[in-house]
Amino acid sequence: MAKNDIILLDGVIEERIKLNLPSKDLAEAFEYLASEQIIKNYDLSTEDIINSIVDGRNDGGIDSFFIFINGHLLTDVDNFMWPKLNAVIDVFVITCKHHNTYKLSTLDSLISSITELFDFSIDEQNLKSEYNEELLEKRENLIIAYKVLATSLQQFNITIVYASRGDTSCIGENILSKSNHIRNIIENYFSNCNLNIEFWGAKELLQAYRKKPNMSLELNYKEVLSKNQNYVILTNLNSYYKCITDEEFKLRKYLFDSNVRDFVGLNRVNEDIMSTLKENESPDFWLLNNGITILATSAILVGKTIHIENVQIVNGLQTTETIYRFFSEGNSDLQDRSILIKIIVTSDNVIRDKIIKATNNQTSVELYSLHATDKIQRDIEEILLKYGLYYERKLNYYANQSISQELIFTPLYLASGYVNLVLKLPAIASSLKSKFMSNKDLYNKVFSENTDLEIWPAIAKILRKTDLLLQELKENSIISRVPSEKYRKNLRHIVSFITIAKIFKTFNFSIKNLIDLNIEIYTKEKVETTLSDIIEIFPEIFNLRDLTRETIVLKICKHIKRKYKISDFGTLFIGRREKIMGFRKKIYDIDEEFINQVNVLLPNQPWPIGIHREISNKLNCPANKVHCAINELIKSGRRYSQIEGELFDNNGTKINI
């Protein structure tokens with residue numbers, strides 16, 4: 001390693017700290033940078049990387065934990081599109097230390113955790129060590145994936161990475177011996193596992209950091225048809241494979257438009273494509289396949305080569321990934337077959353979006369994958385630009401332009417702000433996941449074209465200022481050891497919701513109130529006071545995940561109501577149960593007969609906590625179905641909304657019984 005590599009790397013880290021990526025904490029900035037570079041080929045969003053960080057109390061010496069299925073990050077096992085055949089699981093376990101050496105104690109901690117966590121025969125409750133919820137969730141997701149893909153698993157790869165600012169050319173024998181111990185543990189648990197143990201130092205991190213996406217293609221072609229600088233070409237499969245892979249023969253995922261990244265694995269259609277590729281006697285490939293659609297800002301023919309700039313492959317992901325799998329498995333195309341590629345040259349974002357949606361409506365890509373092309377999404381992007389803010393409706397679009405992270409807002413970030421401040425559901429907002437985008441009703445409720453567009457920059461400013469103020473207050477708080485992003489994610493919504501309610505003296509503040517809010521009066525002192533208010537009623541604030549529990553949030557709000565005499569506390573309950581179930585649970589179709597059955601079994605109000613479970617046992621039905629019936633009884637006025645023994649009618653007025 002060159003002597004100045006550490007100095008250069010420290011310069012990069014200092015720049016990240018200035019950008020608040022992911023925070024101004026030195027260790028966290030290094031941890032994020034290392035994780036980002038190690039999994040760079042997967043082209044993940046900032047949110048995906050942060051959500052894969054498990055660092056904090058009881059992290060078992062593990063800082064990041066990534067699970068990829070056929071190259072796609074596994075975040076939600078319930079809504080993941082599992083491949084039917086030839087599945088590949090890639091697991092990355094990363095430990096990051098800012099020191100400039102490699103230490104035995106770090107590997108000892110890792111060995112202790114891996115010994116337990118990768119032994120799938122041990123139930124969670126029987127683990128000897130205490131692990132945080134984020135790490136246990138990753139372990140559970142891996143176990144589920146391993147079981148679901150048991151019959152289709154082709155490869156299982158685990159990569160253990162120890163990243164520091166050290167020199168990988170002079171790692172001590174004692175360190176290497178410990179890494180061999182890790183190898184023995186993993187091989188003892190998985191006979192079919194390909195294990196890589198890697199050490200990353202200043203040199204490796206700098207090399208990865210300097211590697212920039214190449215958005216250009218040079219394709220040799222056989223035939224071409226052109227009109228107005230748009231082209232249809234035939235190129236051979238091998239040439240296409242070389243263009244979509246990098247120097248390490250890995251798929252250049254950044255070439256794919258973020259709207260169409262959902263490779264469904266080798267299902268029946270993709271298996272047919274693979275069979276066609278493997279069958280030497282089949283007709284030419286382009287006769288049996290719809291081909292590829294590429295958007296570009298320019299395309300120039302030079303001899304029998306076409307040079308394409310700012311490439312985005314917007315249709316043909318299934319075909320492309322299957323071709324990639326075919327060649328990467330060592331196969332060759334002896335017949336020199338061709339693939340059809342349509343190249344459309346335009347810089348007009350509206351036209352590009354129409355092409356993306358039109359071409360993908362003819363495929364199996366889910367509708368939620370195309371939301372970035374919706375008019376409302378373009379409108380939000382434009383309204384934020386008016387205020388010097390950037391809405392990343394397409395993955396890493398502005399991040400790749402070196403825009404400060406403080407000025408970039410993702411759809412999920414702003415959607416959670418809407419759920420918090422407009423729908424008045426801070427607990428739901430804290431745990432909101434991107435899967436809600438696949439629910440048409442919920443998506444339309446949040447991203448409604450009937451909502452004043454000015455609400456989006458208002459939400460952006462409130463949430464981002466909350467984040468920055470919480471970060472300033474963090475060092476002197478009782479939760480200073482909690483990683484910054486987890487701290488902000490779990491606190492930003494309850495803190496902003498309560499602070500805004502205190503400013504307007506009501507929980508029923510309106511969209512117009514939020515739009516007209518002078519952000520200058522949203523001060524550090526107000527946020528600090530709110531944080532203290534929360535700790536008064538919830539001293540266990542260190543358990544941040546509890547803030548996603550509705551009962552905790554309402555208890556805090558009730559305390560705020562009493563302390564500051566905030567009005568309209570009852571409005572929090574209007575339609576609340578229905579909204580919560582819409583985001584979290586299945587809503588059942590129920591008839592009047594079932595509603596009456598529940599009503600008969602309900603005692604007089606106030607009823608005891610957990611009454612819905614008692615009734616569900618008596619009726620032998622899901623507890624959530626009883627929840628739905630109770631919600632209907634409340635909506636019809638036959639029962640009252642209830643929290644901690646207090647009753648409210650549908651106007652939010654407290655009922656005294």
So, in region 122-157, of the ones that are part of a loop (DSSP other than H, G, I, E, B) and without any contact (Cβ under 8 Å) to a residue 12 or more places away in the chain, which residue ends up nearest to Phe66 (Cα to Cα)? Ala150
Would you confirm whether any residue within region 50-62 is touching a helix residue (DSSP H, G or I) at 6+ places or on another chain (Cβ under 6 Å), part of a helix (DSSP H, G or I) and buried (at least 18 other Cβ atoms within 10 Å of the Cβ)? yes
Within region 13-43, how many residues turn out to be free of Cβ contacts under 8 Å to residues at least 60 places away in the same chain, in contact with a helix residue (DSSP H, G or I) (Cβ under 6 Å, 6 or more places away or on another chain) and farther than 16 Å from Ala163 by Cβ? 1
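Let's see how each residue does on (1) buried (at least 16 other Cβ atoms within 10 Å of the Cβ); (2) out of contact with any Gly (no Cβ under 9 Å at 6 or more places or on another chain); (3) not small (Gly, Ala, Ser):
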residue	(1), (2), (3)
Asp108	no, no, yes
Thr115	yes, yes, yes
Ser121	no, yes, no
Glu124	no, yes, yes
Leu127	yes, yes, yes
Glu140	no, yes, yes
Lys147	no, yes, yes
Thr151	no, yes, yes
Limited to region 275-290, what total is found for residues that are part of a loop (DSSP other than H, G, I, E, B) and hydrophobic (A, V, I, L, M, F, W, C)? 0
For Ile50, all conditions in the list (1) touching a strand residue (DSSP E or B) at 6+ places or on another chain (Cβ under 9 Å); (2) under 26 Å from Ser402 (Cα atoms); (3) hydrophobic (A, V, I, L, M, F, W, C) hold save one; what is the number of the exception? (1)
Might you let me know whether region 471-484 holds any residue that is part of a helix (DSSP H, G or I), under 30 Å from Phe30 (Cβ atoms), assigned by TED's automatic domain parsing to the domain that holds Val419 and modelled with pLDDT under 80? yes
For region 601-639, the count of residues that are assigned to a loop (DSSP other than H, G, I, E, B), of a type in the set (A, V, I, L, M, F, W, C) and farther than 20 Å from Leu572 by Cβ equals 2
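Would you confirm whether or not region 68-82 contains a residue that is in contact with a Gly (Cβ under 8 Å, 6 or more places away or on another chain) and surrounded by fewer than 19 Cβ atoms within 10 Å (Cβ to Cβ)?
Scanning region 68-82 turns up at least one residue that is in contact with a Gly (Cβ under 8 Å, 6 or more places away or on another chain) and surrounded by fewer than 19 Cβ atoms within 10 Å (Cβ to Cβ).
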Within region 187-227, the residues that are farther than 30 Å from Val302 by Cβ, assigned to a strand (DSSP E or B) and not aromatic (Phe, Trp, Tyr) are Cys193, Asn194, Leu195, Asn196, Ile197, Glu198
Count - residues of region 222-243 that are under 37 Å from the mean Cα position of the chain (by Cα) and not hydrophobic (A, V, I, L, M, F, W, C): 9
Restricting region 337-354 to residues that are more than 18 Å from Thr320 (Cα to Cα) and buried (at least 18 other Cβ atoms within 10 Å of the Cβ), which is modelled with the lowest pLDDT? Arg352
Please go through region 511-538 and pick out each residue that is surrounded by 12 or more Cβ atoms within 10 Å (Cβ to Cβ), more than 29 Å from the chain's Cα centre (by Cα) and assigned to a loop (DSSP other than H, G, I, E, B). Leu517, Thr523
Select from region 391-442 the residues that are crowded, with 19+ Cβ neighbours inside 10 Å and of a type in the set (Phe, Trp, Tyr) and write down the one among them that is nearest to Leu514 (Cα to Cα). Tyr418
Conditions: (1) closer than 25 Å to Asp63 by Cβ; (2) modelled with pLDDT of 95 or more; (3) not small (Gly, Ala, Ser). Leu468 meets all but one. Number of the miss? (2)
Against the condition modelled with pLDDT of 85 or more, not assigned by TED's automatic domain parsing to the domain that holds Asp78 and not hydrophobic (A, V, I, L, M, F, W, C), how does Gln642 come out, does it pass? no
The helices (runs of 4 or more DSSP H) lying entirely within region 368-460 that contain at least 1 residues which are among the small types (Gly, Ala, Ser) and either outside the structural domain of Ser23 (by TED's automatic domain parsing) or in contact with a helix residue (DSSP H, G or I) (Cβ under 9 Å, 6 or more places away or on another chain) (or both) are 411-421, 426-430
Using the structure shown, decide if Ile294 is within 13 Å of Tyr240 (Cβ to Cβ) and either out of contact with any Gly (no Cβ under 9 Å at 6 or more places or on another chain) or not assigned by TED's automatic domain parsing to the domain that holds Glu248 (or both). no
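The values are calculated or read from the model by the stated rules, or taken from the named source; none is laboratory data. Please read all numbers here as calculations on a predicted model, not as lab measurements. FYI the Cβ positions are ideal-geometry reconstructions off the backbone, even for glycines, and counts take in every protein chain you see.
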